[in-house]
Each structure stands twice: as structure tokens, then as C-alpha cells.
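Novice: Provided herewith is a single structure, encoded as C-alpha cells, for subsequent inquiry.
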Amino acid sequence: MEGLNFIDGQWRAGEVPFETWNPSDIDEKVGTYSRASASDVEEAMAAARRAQPGWRAFNMQARADLLRKAGDLLIARAKEIGTLLSREEGKTLPEGIGETIRAGQCFHYYAGLVVAAKGEWFDSMRDGHNVLVTREPVGVVAAITPWNFPIALPAWKVAAALAYGNTVVLKPASYVPGCAVMLARILEEAGLPAGVFNLVMGSGSTAGDIMIDAADALSFTGGTETGRQVLLRAAQTMTKCQLELGGKNALVVLDDADMDLAVAIASNGAWIQTGQRCTGTERFVVQAGVYDQFVERMADAANAYRIGHALDADTQIGPVVNGRQFNENLQFVRDAQGEGAELVAGGGEVECRTRGYYMAPTLLAGTSNKMTCNRHESFGPIAAVIKVDDVEEAIAVANDCDFALSAGIATTSLKHAEQFRRASNAGMTMVNAPTAGLEYHVPLGGRSPSGYGSRETGTAAGEFFTEIKTSYINHGVI
Ligand code: NAD
């Protein structure tokens, strides 16, 4: 895979090439890309600014058709893009293909919303007047994305931004730029006018500052600390911000839970996609009556997963994304043991047919919610179990967290499920379902500090990607 920056409808080399490597086979190079210089990023922002009036005025049906075509092309190329995704990020091939199809579906969904745009008409308090409330594009959008959903995440930001009449500059994470290059090729092929979508690759801080300063709005997904820096920068220019950040998501398991279901959703939430989901479960808050059984069954579930090369047909869990994250994960486990956590499954490296960053699904038991391993996001296949006495304590522990993204409960009691749903401070709650696994037609996001600004996806995206205009009209007719 070779990929350049896409600026004003042209493929352009930046200042320096960089490479990506396969986490399933660390000696295999996947792609060579080109890091955009500061002036490249400035030009991309300027191109988006020039293209904005034309795109805003672009025929509504033609805009919808174009987004639909981009969705069609993504789905038609799901195997090719999914394979690249698996090689670059380490997700299994079905996960890579599934994510690409989901990206295509996002484009289809927002294509439909283009023709659903509506305003409101009010009678006026003044005779002979009326009031119109309409929505307009916010303008030039900077989209900055993390490595863990390399095609779906850029897609749901870009599709929504374009649907509401904005132009976009996308900067993907440098570990996984391949899918963003594929998306740019598809948008070019679909016939998007020059400058409406631009892609720049490179360092977050250099490109990020330029993008934030020149944009009308920033849609950012990444770590909470990066989000804080980005927000400080955006404050200087008062750039509108939507931040989707980290999580430390809890799943409560009550004594009355269906244990087969509880173990299934708990292991899915913690370990599928190598635990590299912002909504993945990192804390299990388990009632005393089922604690021992839960720990034992979860350890068995962890040990039963087949870890391996992302492209091998029998692999259930692929590698960790890169060496840095891999070492951080192993250190996280050692630190947890150092503060008294009991390692009941995984915790270390797994040997596979190729040399990769393979880590065993890991379960820590006997932890308390005060321990560091339950306070900091690990962002790997690592989860810890905390014992509690009753539903009230479970809710308090689940909420006692510096993040508020997703939280779930396993219970057969409707009363407890509803009690938890109402009391949870997370932006998304799950009843008898994994904390991860989101749908594109409803709002996505967490409360601060897991999120900031209006939500993504669904029609909620329209709140961020548009501005309200209130118009008072004196028509003189009483
Ligand atoms: P990261 O914060 O390191 O990087 C995210 C993006 O920001 C990258 O493109 C990076 O280049 C860029 N960046 C870095 N410094 C910047 C700066 N100063 N200014 C502007 N941009 C900058 O995150 P990551 O390691 O790529 O992703 C993992 C994190 O993302 C985890 O914390 C995870 O929870 C979070 N995440 C959240 C959601 C959500 O919806 N809430 C979804 C996916 C991932």
C-alpha cells in the first residue's frame, strides 16, 4: 500500500515518508505514506475553506447520491479494505470486513439524512411577522481520529459532516492511515468536488494545531489527555468542539444474572477486538453470591480464546496494535499485581506462528475500585474483578470513576436493571449486553471527561455539524 496526502483534489507527497508494520508479523511492512508538512496542512484547510460555499449549495439530491455511491464502493471493497485494516491494525479479518461494511452503512444512512433536512416555522409575537429557525452547515470541519477504528470512525465523522454541507480535512492516526487513504480514493471516485474532502497524514500536534486554528469545528476522537490539549487549543480560536475520549467501563453482574449470558457479554466486552475498544469492559463489579463462579468461568473463557495472526481463519483475537501499546499492557498487569491484584488468566505474551504483539486475554481478581488498575484506562485485553455486596454498592462502584463512557448490567431483575440504568452516570448504558458494540443510527458518546460537546452518529450528529439560524421576517400581512 502506498498513500499520499489528498489536498484540493490532488494526491500530493508531503515532507517525509513513513511506514506502517503488521502487528501480526512485525517484520512485514504494510504501507508507505507521506507525512504532510505544516504548509500542506495549511493548504488543505484553505482548500476546504474555498470549497465550502460550493458544497453547501450543491444540489441536495446530487449530494445524497454521491454519499450513497461512496457507501456502495466501501461495501463493494469491504474485503480489500478489511484485509488492509487487519494487516495494519491487527483486527481479525471478519472484524476488518465488518467494520468496513459498517463504514459503508454510515454513508448510506447520512445519504438518507441529506434529504431529511428540515427547519421550523413559528408565529411571531409581533403582528405581521413570522419566525423561521433553520440549520446551516457549521463550515470547515477538522476530523482527527484514533487508530482503533481506522475506517468506521473516519466514515461516521466524514459522512455526517459532508451530509450537512460541510467540507472536511481528515487526519487519521499515523499507525493506521491506510483505510483513510482508501476512503479518500473512494470519495474521489464517487465524484466529490475538489477540496470538499482532504486528507493529511502526520503528527497530531503539528497538524492538529493548524487544523484546530483554521477550522470552524473539530470532531476529535482519542485519549482523554490529548482531548484536554485539543480543547485548550480550540479555546483560543473558540473553535466548536466535539470530543470522544477514553473510558474505564464497568459491567455489573448481580446474583440474579443469567450466568451463561453474563459470561458471554463480559468476555465479549473485555477481550474481543483485543480489548481495544473505547467502550470495552475494564471493570467487572460482581455481587458476592456469584463472585467465585464468575471469576472461575471468566478465567476458562479467557483461556479458551484462540489468539493469532489477524488473517488466519481460526483466529478469534488478533494482536495488540503496536509494540508501545503491547509493552504498556504488560506493564499495566505487572503494576496491578504489584498493588495486590491476583492474576487469574493471561497477563503475558502468547507465541504464535509469526512474531507479533500477541497478548493473552487477561483477568485480574481480588481488586478494589481504589486500585490504580481500576482508575486508569488500559486499552488492551485486560479486565479486573471487584466484589460488592448489593446492587446499591454495585452502582456506587460503577459510578466511582474518572470516566463516564459506557456501563452495563447483567441481571434478570427488571427493577435492578432500571435502577442501574437511571443511576448510571455513563453516556451509554447496556442491559444484558456488552458495554461495547454501538449502532450508527443512535447517539454515541460519553459524559465529561469521556466526552465533550454534542454526540456523534444518528441524527444527534446534526447538532454538531450544523449551526442554528433564527430569522424574524416582517411580511406585513396581518
Ligand atoms: P490519541 O489521543 O493518542 O490520538 C488520537 C488522534 O489525535 C491521533 O490522530 C493523533 O495523531 C492525534 N493527536 C495527538 N496529539 C494531538 C494534538 N496535540 N493535537 C491534535 N491531535 C493530536 O489516541 P489513540 O491512542 O490513537 O486512541 C486511543 C484512545 O482513543 C483511547 O483513549 C480510546 O478510549 C479513545 N477512543 C475513544 C472513542 C470514543 O468514542 N469515546 C472511540 C475510539 C477511541
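Novice: Do any residues in segment 205-224 that are assigned by TED's automatic domain parsing to the domain that holds residue 144 and open to solvent by 10 Å² or more (accessible area, probe 1.4 Å) have Cβ atoms under 8 Å from those of residues that are more than 8 Å from the ligand (Cβ to nearest atom) and among the aromatic types (Phe, Trp, Tyr), where the two are at least six apart or on different chains, and which pairs are they?
Specialist: Close Cβ pairs (under 8 Å, with a partner that is more than 8 Å from the ligand (Cβ to nearest atom) and among the aromatic types (Phe, Trp, Tyr)) amount to 224/403.
Novice: Taking segment 264-293, which residues are part of a loop (DSSP other than H, G, I, E, B) and under 17 Å from residue 431 (Cα atoms)? Show your work before the answer.
Specialist: Filtering segment 264-293 for residues part of a loop (DSSP other than H, G, I, E, B) gives 276-280.
If the condition is that a residue be part of a loop (DSSP other than H, G, I, E, B) and under 17 Å from residue 431 (Cα atoms), then 279, 280 are the ones that fit.
Novice: Right, something else. Criterion first (part of a strand (DSSP E or B), surrounded by fewer than 23 Cβ atoms within 10 Å (Cβ to Cβ) and in the same structural domain as residue 398 (by TED's automatic domain parsing)) does residue 261 satisfy it?
Specialist: Details: part of a strand (DSSP E or B): no; surrounded by fewer than 23 Cβ atoms within 10 Å (Cβ to Cβ): yes; in the same structural domain as residue 398 (by TED's automatic domain parsing): yes.
In short, no.
Novice: Could you list, ordered by first residue, the pairs with Cβ atoms under 9 Å in which the first is in segment 311-335 and more than 15 Å from residue 360 (Cα to Cα) and the second is of a type in the set (Lys, Arg) and part of a helix (DSSP H, G or I), at least 6 apart or interchain?
Specialist: 311/87
Novice: With modelled with pLDDT of 95 or more, under 23 Å from the mean Cα position of the chain (by Cα) and among the charged types (D, E, K, R) as the only criterion, which of 296, 339, 351, 377 stands out?
Specialist: Just one listed residue meets the conditions, 377.
Novice: Looking at segment 108-129 only, could you name the residues that are closer than 30 Å to residue 69 by Cα, open to solvent by 40 Å² or more (accessible area, probe 1.4 Å) and among the aliphatic types (A, V, I, L, M)?
Specialist: Once the filter is applied, which keeps residues that are closer than 30 Å to residue 69 by Cα, open to solvent by 40 Å² or more (accessible area, probe 1.4 Å) and among the aliphatic types (A, V, I, L, M), segment 108-129 yields 115, 116, 117.
Novice: Tally the residues that are open to solvent by less than 20 Å² (accessible area, probe 1.4 Å) and farther than 28 Å from residue 214 by Cα, restricting the search to segment 26-41.
Specialist: Number satisfying all stated conditions: 2.
Novice: I would also like to ask the following. Can you pull out the residues in segment 225-254 that are more than 27 Å from residue 376 (Cα to Cα) and open to solvent by 60 Å² or more (accessible area, probe 1.4 Å)?
Specialist: 236, 237, 238
Novice: Please count how many residues of segment 391-424 are open to solvent by 50 Å² or more (accessible area, probe 1.4 Å) and within 22 Å of the chain's Cα centre (by Cα).
Specialist: 1
Let's see how each residue does on (1) within 16 Å of the ligand (Cβ to nearest atom); (2) at positive phi; (3) at pLDDT below 95:
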{"position": "138", "(1), (2), (3)": "no, no, no"}
{"position": "162", "(1), (2), (3)": "no, no, no"}
{"position": "165", "(1), (2), (3)": "no, yes, no"}
{"position": "177", "(1), (2), (3)": "yes, no, no"}
{"position": "186", "(1), (2), (3)": "no, no, no"}
{"position": "197", "(1), (2), (3)": "no, no, no"}
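The rows are residues; the columns are (1) assigned to a strand (DSSP E or B); (2) closer than 19 Å to residue 181 by Cβ.
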site	(1), (2)
6	yes, yes
11	yes, yes
32	yes, yes
43	no, yes
48	no, yes
65	no, no
73	no, yes
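Novice: In addition: Could you please give the count of residues in segment 56-84 that are under 23 Å from the mean Cα position of the chain (by Cα) and surrounded by 15 or more Cβ atoms within 10 Å (Cβ to Cβ)?
Specialist: Going through segment 56-84 one residue at a time, the tally reaches 14.
Novice: Filter segment 439-457 for residues that are within 11 Å of the chain's Cα centre (by Cα) and surrounded by fewer than 20 Cβ atoms within 10 Å (Cβ to Cβ) and give the result.
Specialist: Across segment 439-457, there are no qualifying residues.
Novice: Go through segment 83-116 and count every residue that is farther than 11 Å from residue 152 by Cβ and in contact with a Cys (Cβ under 9 Å, 6 or more places away or on another chain).
Specialist: Residues meeting the conditions: 3.
Novice: Would you say residue 443 is in contact (Cβ under 8 Å) with a residue 24 or more places away in the chain and at negative phi?
Specialist: no
The values are calculated or read from the model by the stated rules, or taken from the named source; none is laboratory data. This one's a predicted model, so the numbers in the text were calculated from it and none came from an experiment. When we count neighbours, we look across all protein chains shown, and the Cβ atoms used for this are built from the backbone with ideal geometry, even at glycine. SASA here: full protein model, heavy atoms, side chains in, ligands and nucleic acids out. Shrake-Rupley method; radii C 1.70, N 1.55, O 1.52, S 1.80 Å.
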